[in-house]
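Right, one structure below, let's go through it.
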Amino acid sequence: MPTALNTVRISSGVDMSVDTSRRRLLKHVSAVTMLVTTILLLPGCMLLGDSGRGQPISMTVRGGEFVFRWCGEQTDEFRYLELGYAEYTPDRVDERVFTGTGQATLSPGDEFSIAAPPEGIVPMTIGSFPRSKNRLLIFLYTGRSESVNSQPSATFDVPSVSELEGNWAYVSGGIHDKPCEMRGAASEGG
């Protein structure tokens, strides 16, 4: 089958024929290569992936402190951790309560909080979650750096902080009496 040819006049006055179908093919190959590279590299950039809603992690309030428990298999190494929240109010503002850097992984059953971050993470910013009666969204971000964490790794929708004392919130939205009974939990995480 014949291919379309374009003639391009170069400033020197020489005519060059360029195979446009070949150019299109090279463009597609480049785009696919970038996509595959991104897919292969992104999981190493984020501890928990980027869905925010299906991760095997849970959260409770113990002695007034928000505590997170990893329920999945051992994670890849991450170098940045950020915790934040937003209250469901008409003038919603997202707030950071913790940022830290270093090198860390999480194993099944590992717990961490603002006061006791994962081993290897050094706090840079420390604040606290509100003890509000308002509904909260709690965000957990991880990655290789602050700039490589554009989406939440986990998001919790908490109706009220008081409901968490002695109970565990899952990223799926449920409140449960045990920390690691969600889909995708490692057997050692319970």
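Measuring from centroid to centroid over Cα atoms, what is the spacing of region 112-152 and region 80-99 in Å?
Cα centroid of region 112-152 versus Cα centroid of region 80-99: 9 Å apart.
Based on the Cβ-Cβ distance of Thr125 and Glu73, what FRET efficiency does E = 1/(1 + (r/R0)^6) give at R0 = 30 Å, to the nearest 0.05? Working shown, then result.
Working: r = 29 Å, r/R0 = 0.97.
In this case the efficiency is close to 0.55.
Summing +1 for each Lys or Arg and -1 for each Asp or Glu, what net charge is found among the other residues whose Cβ lies under 9 Å from the Cβ of Gly166? Mind dumping the intermediate values first?
Values: positive: Arg62; negative: Glu165, Asp177.
Surrounding charge for Gly166 is -1.
Below 8 Å, C-alpha to C-alpha, sequence gap of six or more: please give me the relative contact order for region 57-189 in percent.
Numbers: 318 pairs, mean separation 39.2, N = 133.
So the answer I get is 30 percent.
Only counting other Cβ atoms within 10 Å, I'd like Trp70, Trp168 sorted with the fewest neighbours first. Present the calculation step by step, with values, prior to reporting the outcome.
Numbers: Trp70 28, Trp168 23.
Taking fewest neighbouring Cβ atoms as first place, the list is Trp168, Trp70.
In sequence order, what are the phi-derived ³J(HN,Hα) couplings for region 167-182 according to the Karplus relation 6.51 cos²θ - 1.76 cosθ + 1.60 with θ = phi - 60°, rounded to whole Hz, with x for glycine and proline?
Here the 3J(HN,Hα) series is 10, 10, 8, 9, 5, 6, x, x, 10, 10, 8, 10, x, 10, 10, 7 Hz.
Under a 5 Å amide H to amide H cut-off, with H placed in plane at 1.01 Å, what residues pair with His176 once short-range neighbours are removed?
Residues meeting the amide H criterion: Trp168, Ala169, Tyr170.
How much net charge surrounds Tyr88 when only other residues with a Cβ under 10 Å from its Cβ are counted (Lys, Arg +1; Asp, Glu -1)? Each step should come with its number before you reach the end.
Working: positive: Arg92, Arg135; negative: Glu87, Asp157.
Charge balance near Tyr88 sits at 0.
Kindly identify region 57-189 as rounded, prolate or oblate by the Cα gyration tensor criterion: order the square roots of the eigenvalues as a ≥ b ≥ c, call it rounded if a/c is under 1.5, otherwise compare a/b with b/c, prolate if a/b is larger, else oblate. Walk me through the numbers before you get to the answer.
Working: a/c = 1.64, a/b = 1.10, b/c = 1.49.
Note, shape of region 57-189 comes out oblate.
Count charges around Ser132 for me, please; just the other residues with Cβ under 13 Å from its Cβ, Lys/Arg as +1, Asp/Glu as -1.
Values: positive: Arg92, Arg131, Lys133, Arg135; negative: Glu87, Glu95, Glu163.
Net local charge, Ser132 excluded: +1.
Hey, fewest Cβ within 10 Å first, where do Arg62, Arg79 land in order?
Starting with the residue having the fewest Cβ neighbours, the order is Arg62, Arg79.
Through the Karplus equation 6.51 cos²θ - 1.76 cosθ + 1.60, θ set to phi - 60°, convert the phi angles of region 129-139 into ³J(HN,Hα) values in whole Hz; use x for Gly and Pro.
Once rounded to whole Hz, the list reads 6, x, 9, 5, 8, 6, 5, 10, 10, 10, 10.
Let's test the formula: R0 of 30 Å, r as the Cβ-Cβ distance of Thr89 and Glu65. What FRET efficiency results, to the nearest 0.05?
On the way: r = 23 Å, r/R0 = 0.78.
Working from the Cβ atoms, E equals 0.80.
Show the residues, 5+ positions off or on another chain, whose built amide H is closer than 5 Å to the amide H of Gly109.
Sorted by chain and number, the residues that satisfy this are Trp70, Cys71, Gly72.
Rounded, prolate or oblate, given the Cα gyration tensor of region 84-133, with a/c below 1.5 counting as rounded?
Working: a/c = 2.79, a/b = 2.03, b/c = 1.38.
Cα axes put region 84-133 in the prolate bin.
Mean shadow of region 143-185, computed from the convex hull of its alpha carbons, in nm²? Mind dumping the intermediate values first?
Working: hull surface 16.4 nm².
The Cα convex hull of region 143-185, projected and averaged over all directions, gives 4.1 nm².
Using each residue's phi in region 157-162, evaluate 6.51 cos²θ - 1.76 cosθ + 1.60 at θ = phi - 60° and report the 3J(HN,Hα) Karplus result to the nearest Hz, with x for Gly and Pro.
9, 10, x, 7, 4, 4
No value in this document is a laboratory result; all are computed from the given coordinates. Remember, it's a predicted structure, so these values are computed and weren't measured experimentally. Positions of Cβ are backbone-derived with ideal geometry, glycine not excepted, and every protein chain shown enters the neighbour counts.
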